[in-house]
Amino acid sequence: MAKPTKADAEAAIRVLIEWAGDDPHREGLLDTPARVARSYRELFAGYTANPRDYLMRTFEEVGGYDELVVLRNIRLVSFCEHHMLPVIGHAHVGYLPTNRVVGISKLARVVNGFARRLQIQEKLTAEIAEAIQEILQPQGVGVVIEAEHSCMTLRGVNTLGSTLTTSRLLGVIRDDPRTREEFLSLVRGA
Ligand SMILES: [Zn+2]
């Protein structure tokens, strides 16, 4: 299937403006299709990223460090694949290194690389955890995501302020009760 052109995308956005009930030819809306098409490049940048690459390029020897590494409150912006509406929240990512660690900014980039696509939160959570497991091969990985789904808070049942929490725990973070509890308390900020 041929990739649509920018003109195709802009035409589709004009159709959606009409579908919403407005006139795409009125002055205030003339440049909107082009702006929306451009903003899609950024909002869906995950499709041109390979998040595994961020982890592969930058590992360092761990130098005897054998405790949990946890990055909390990574800002998360994604889009639900059922309604194409924003999913906004935070991810908490941790792992227990075996012999490699990555720069913490790389963990945030991995989260972004998977988030900036059409997603479901459960799958997003699993994809982040599995990429870290696969590339760094740590003793365990934990990913917790808390996010608000616009498709629930802006429409439908209108459950303003409710958030969905998902988690994916692998290895010792799943299986060893002490490590699991330590991870979860670090995530809670205790
Ligand atoms: Zn939705």
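The values are calculated or read from the model by the stated rules, or taken from the named source; none is laboratory data. Everything numeric in this text was worked out from a predicted model, so none of it was measured. Please note: Cβ atoms are built from the backbone with ideal geometry, for glycine as well, and neighbour counts cover all protein chains shown. We work out accessible area using only protein heavy atoms, side chains counted, and drop any ligands, DNA or RNA first. Shrake-Rupley method; radii C 1.70, N 1.55, O 1.52, S 1.80 Å.
Under the simplified labelling scheme, the Asp175-Thr163 pair shows an inter-label distance of 3.1 nm, with each label point 7 Å from Cα along Cα→Cβ. Net length available on complete extension from Ala12 to Ile104 is 29.2 nm, with 0.36 nm assigned per residue and the Cα-Cα distance removed.
When Rg and the Kirkwood radius Rh are both evaluated on Cα atoms of region 65-190, their ratio Rg/Rh stands at 1.00. If one computes the Cα centroid of region 146-171 and of region 105-123, what distance in Å separates the two points? With region 146-171 and region 105-123 each reduced to a Cα centre, they are spaced 15 Å.
Can you give the relative contact order of the chain as a percent, counting alpha carbon pairs under 8 Å and 6+ residues apart? If you can, show how the numbers build up before the last one.
Values: 323 pairs, mean separation 37.6, N = 190.
Contact order relative to length: 20 percent.
Put His25, His83, His92 in order of accessible area, highest first, and with a 1.4 Å probe you get His25, His83, His92. In the chain, carbon and sulfur make up what percent of the accessible area (probe 1.4 Å)? Ligands and nucleic acids excluded, carbon and sulfur reach 54 percent.
Summarising the strand pairing of the chain, around 95 percent of its internal DSSP beta bridges are antiparallel. Of Ser39, Ser78, Ser150, which has the largest mean-square fluctuation in a 10 Å C-alpha GNM of the chain? So, out of Ser39, Ser78, Ser150, the one fluctuating most is Ser39.
As a calculated quantity, the FRET efficiency between Ala20 and Arg72 at R0 = 45 Å, using C-beta atoms, amounts to about 0.70. For Lys6, the aspartates and glutamates whose Cα comes closer than 15 Å to its Cα, not counting residues fewer than 8 places off in the same chain, are Asp31, Glu42.
I want the local charge near Gly28. Using Cβ-Cβ distances under 15 Å, sum +1 for each Lys or Arg and -1 for each Asp or Glu among the other residues. All intermediate terms of the calculation are to be shown ahead of the outcome.
Numbers: positive: Arg14, Arg26, Arg35; negative: Glu18, Asp22, Asp23, Glu27, Asp31.
Here the charged neighbours net out to -2.
For the chain, the solvent-accessible area with a 1.4 angstrom probe is 58 square angstrom per residue. Show that you can apply the helix-only estimate: for the chain, add -39,500 (n - 2.57) for every DSSP H stretch of four or more residues, divide by all residues, and state [θ] at 222 nm to the nearest 500. Rounded to the nearest 500, it is -13000 deg cm²/dmol. Membrane-span-like helices in the chain (whole DSSP H runs, Cα extent of at least 20 Å along the helix axis, mean Kyte-Doolittle hydropathy of at least -1.0): 6-20, 121-136. Taking a sphere under 12 Å around the Cβ of Ala37 and counting the other residues whose Cβ falls inside, with K and R at +1 and D and E at -1, yields a net charge of +1. In straight-distance terms, cross-link reach from Lys123 covers every one of the aspartates and glutamates whose alpha-carbon lies under 13 Å from its own, apart from those fewer than eight places away in the same chain; here that gives Glu81.
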